[in-house]
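Accompanying notes for the structure given below.
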Amino acid sequence: MNLFAEIRSLVTASLDALVTEGVLPQGLDYAQVAVEPPRDAAHGDMATNAAMVLAKPAGMQPRAIADALAARLATDPRVTGAEVAGPGFLNLRLSPVVWQSVVKAALVEGTGFGKSTLGQGKRVNVEFVSANPTGPMHVGHVRGAVVGDALSRLLAYAGWDVTREYYINDGGAQVDVLARSAFERYREANGLEPEIREGLYPGDYLIPVGEALKAKYGTSLLDQPESVWLADIREFATEMMMEEIRGDLAQLGVKMDVYSSEKALYGTGQIEAAIQALRDMGLIYEGVLEPPKGKTPDDWEPREQTLFRSTAHGDDVDRPVMKSDGSWTYFAPDIAYHYNKVQRGFDELIDIFGADHGGYVKRMKAAVSALSGGRVPLDIKLVQLVKLYKNGEPFKMSKRAGTFVTLRDVVEQAGADVTRFMMLTRKNDVTLDFDFAKVLEQSKDNPVFYVQYANARINSVMRKSVEAGIDCGDAALSGADLGILTHPAEIEMAKKIAEWPRLVEIAAKGNEPHRIAFYLFELASEFHGLWNKGNDDTSLRFVQEGNAATSAAKIALARAVGVVISAGLGILGVTPVEEMR
RNA sequence: GCACCCAUAGCUCAGCUGGAUAGAGCGUUGCCCUCCGAAGGCAAAGGUCGCACGUUCGAAUCGUGCUGGGUGCACCA
C-alpha cells in the first residue's frame, strides 16, 4: 500500500474531473505531477505541484488551478484540509483514519508492505565483486559485495527479476602469475625452498594450494618445465581460489546466481562473434590512436591497432580491442561478456565497479549501447574505498608483503550484520570510514545498534504483552481498534511508516540501496522518540495496564514499525535481532 | 592535457532526480534524568550548499566556465 501513489491517483482523478467540467483544457500531461511529503510538517501531510506544472500547458494561473483542485479534493473523505500556498503548492491534510489504515496495512501485508511492482518483472543482471581469483577477498571487495547484494535484494523487492552474477577474470596474465606462485608453494610442500620472485603473489594463503598440489601430483611436476604444468596448475589453483571466494561471500551472506568465466569466452568464438557484431555495424577499424595530450608515456610509439569506435556511443576516444601481436586486449572479452548478457535477454544491466575503474565506464556503456542497439541500459555504480580504523587509528595494510585485511578478518571481528549495515551508511561514491571499535559500540552513535535496538524494544513489548495475555499475532493486532491512535506523536509515527513504500521505489529507481539504511535510522529515531515520550506521558506507553484494547492498538503501531524494520533490514541482508545481548 | 567522482554546519554525512524557511549524528552550550521502558532525555547556537554566470515561476539539485581534492588515461587486467 503506497499512500502517496493513492493520493496521487486521487489528484489526477480530480484533475480529470476538472477537465470534464471544462475548468481545465483537454490533453494535459500529468507526468510531472508529483505528490510528496512537504519538507516542513507545518505545510501539511502531502503536497502537490500539480497547479504549477500544469499552469503553462493549461494557459492558466497556478492559483486558479490550485483553487479549483483544492475544492475538488476537499470533498474526499480522506482529505481534511486542502490549501494553496506559496507559488501554487497545494497542501493536503489527511484524516487520522488514513494514517491508522497505514498501520493496519503494515500488519496485514507484513514484510510485503513496501513491495512494489515498479520493476514490472523486468529482468535485470547485477554484476558485482568479480574479484580476480588470485587470492581471498579483502576489505576492498567487501563494500562492492554488500552494495551489489543489497541492490539485488532491493530490486527484487521492487518488482524486478534479478540475477546476481560474478565474472571470473580467469583468462588473463594474472592467473598465470597465480599458477607460478602456487608452483613455488608446491615446491615448498615438497621440502624445497620456494622462490617467491618479484611479481609473484607472496601471500600465505597459497600454502594450502601447494599442499593440495603435492597431494595430487606428488613430486612428479618438480622437475618439469612450466610449459608442462602451467595450464593444469592454473586451473587447479583458480578453482581453489574460487572455492575460497565463494566461502568468503557466504560468510557475508552473499549468494551469486551465476558465475561466468572469462576463460570460457576464449576458444568458443564468443569474442570473435561480439567483435564481428560490432564490425558489422562499422564500429571496428584499423587505426592509430593519438598519444594522450600532456602526459605522453615514455615508450609511446604510433602503432596500428584494431579499434572499437566507442566515440560513436559517447566515449572520448576509440578503444583498442586487439593488441599489436594479434591477441585480444582485456577489453575484448569484457565486450563479449556484456554481449553475452544482452543476448541472454536481460532488460537492464548493472555493474558494480571499484572507483579505480572509473575510466572504464564510458567504453563499457558504449559497447553495450552498440551491441544492444540502445535497447539495454547499463548502469555502472562506482564504489569508493573503505578506510579501516581501530579506535580512530588507521589500519594499515600492505599488499606487497601479502598481509592485507581480508573479508574474513572484517567479518570475524565485526560480524556480517554489522559489516553489511555499515557498508550501506554511505552513498556508493563517497569513501567510507569503518572503525572496528565504533561499529560494535552499543550507543546512539552507532546506527546499526540504534536500528536493532528499536526492533529489540518492539519485540520486548510484545513478549511482555503476551505474558499479560494479549494476543500479539499480526492477525489479532490488525483487528484492534486503531481509532485509538490519535495522539500527534502516534500519528507522526504512522506517517513515517507510510513513507516506506515510497522510499523503496525511490531507492530502486536510483539503484541506491543506501537510502534504505538512512530511512531505517530515521524510522528508528522516530520510534525511540515516541518511546521516550512514554517515560513522561504514560498514556503513550505501548502497554496500558488493565486496558487490553488500548494496549492492542498501541502495540499494533509498534509492531508495524517492527514489520518495516524487518523488511528494511531484509533488503540490507541484515538479521533483525529480537533482543540486545 | 583529457575524462570520471567528490566539495553542504567546527567534524562525519543525508538531501526524494527542479520545490516552500537546506536536514541528521557527533562536537559545543544550557537544563533534566540516573525510574532496567537500561545501554540517557529535552532544547539552543551553528550555513554565501567551493566560486561565477546561465536556464525558469523556482536551483544544493540542471548547463557552462573556474578553484580545490581523489581516481584513471594505447601493446596490464
Check: So, by mean Cβ neighbours within 10 angstrom, what's the order for A:332-344, A:461-473 with the highest one leading?
Finding: A:332-344, A:461-473
Notebook entry, point to check: HN-Hα J couplings of the stretch A:445-457 from phi, Karplus 6.51/-1.76/1.60, θ = phi - 60°, integer Hz, Gly and Pro as x?
Noted result: 5, 9, x, 4, 4, 4, 6, 4, 5, 4, 5, 5, 4
Next item on the list: Please give the helix A:62-73 orientation as an angle from the longest Cα principal axis of chain A, in degrees from 0 to 90, rounded to the nearest 10.
Entry: 70
Checklist line | Shape of chain A, Cα gyration tensor, a/c cut at 1.5 | finding: oblate
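Heavy-atom accessible area per residue, the stretch A:173-252, 1.4 Å probe: how many Å²?
Numbers: 3910 Å² over 80 residues.
On a per-residue basis, the stretch A:173-252 sits at 49 Å².
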Next item on the list: Rounded to whole Hz and in sequence order, give me ³J(HN,Hα) for the stretch A:92-97 from the Karplus expression 6.51 cos²θ - 1.76 cosθ + 1.60, θ = phi - 60°, writing x for Gly and Pro.
Entry: 10, 10, 10, 5, x, 4
Note to self: P(r) for the stretch A:1-132, please, calculated from all Cα pair distances in 5 Å bins and given in %.
What the structure shows: 2, 9, 17, 20, 15, 12, 9, 7, 4, 2, 2, 1, 0, 0
Item checked: For the stretch A:258-383, fraction of C-alpha pairs farther apart than 27 Å, in % -> 17
Checklist line | Value in Å of the Kirkwood radius, where the stretch A:173-252 supplies the Cα pairs that are averaged | finding: 12.7
Check: Residues with beta-carbon under 13 Å from that of residue A:532, excluding residue A:532: net charge, scoring Lys, Arg +1 and Asp, Glu -1?
Finding: +1
Next item on the list: At 1.4 Å probe size, with no ligands or nucleic acids counted, give the accessible surface of residue A:141 in Å², nearest ten.
Entry: 40
Margin query: Counting only protein heavy atoms and a 1.4 Å probe, tell me what percentage of the stretch A:173-252's accessible area is made up of carbon and sulfur.
Written below: 49
Notebook entry, point to check: Across the stretch A:320-337, in residue order, what do the Karplus-derived ³J(HN,Hα) couplings come to in whole Hz, using 6.51 cos²θ - 1.76 cosθ + 1.60 with θ = phi - 60° and x for Gly and Pro?
Noted result: x, 10, 9, 6, 5, 8, x, 8, 6, 7, 4, 5, 4, x, 5, 4, 4, 5
Next item on the list: Starting from the Cα gyration tensor of the stretch A:489-581, take the square roots of the eigenvalues, sort them a ≥ b ≥ c, and report rounded, prolate or oblate (rounded when a/c is under 1.5, otherwise prolate if a/b is larger than b/c, else oblate).
Entry: prolate
Check: Using modelled backbone amide H atoms (1.01 Å from N, in-plane), which distant-in-sequence or interchain residues come within less than 5 Å of residue A:433's amide H?
Finding: A:387
Next item on the list: Work from the charge dipole of chain A (Cβ charges, +1 for Lys and Arg, -1 for Asp and Glu, about the Cα centre) and give the residue of A:213, A:289, A:384 farthest towards its positive end.
Entry: A:384
Check: Hey, what angle do you get for helix A:361-371 against the long axis of chain A, alpha-carbon based, 0 to 90 degrees rounded to 10?
Finding: 90
Item checked: Amide H partners (placed H, <5 Å) of residue A:323, local residues excluded -> A:328, A:329
Note to self: Solvent-accessible area of residue A:429, probe 1.4 Å, all protein chains present, reported in Å² to the nearest ten, please.
What the structure shows: 90
Notebook entry, point to check: Sequence-distant or interchain residues sharing an amide H contact under 5 Å with residue A:137, placed H: which?
Noted result: A:407
Check: Rounded, prolate or oblate: which fits the stretch A:480-538 when a ≥ b ≥ c are the square roots of the eigenvalues of the alpha-carbon gyration tensor, with rounded for a/c under 1.5 and prolate only if a/b beats b/c?
Finding: oblate
Notebook entry, point to check: Taking a 1.4 Å probe, which of A:357, A:528 shows the most accessible area, and what order do the others take after it?
Noted result: A:357, A:528
Item checked: Antiparallel bridge percentage (DSSP; both residues within chain A; nearest 5) -> 50
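The values are calculated or read from the model by the stated rules, or taken from the named source; none is laboratory data. Bear in mind the structure is a predicted one, so any value in this text is a computation, not a measurement. A quick note on method: Cβ atoms are made from the backbone with ideal geometry, for glycine too, and the neighbour counts reach across all protein chains shown. Note: areas computed on protein heavy atoms with side chains; ligands, DNA, RNA excluded. Shrake-Rupley method; radii C 1.70, N 1.55, O 1.52, S 1.80 Å.
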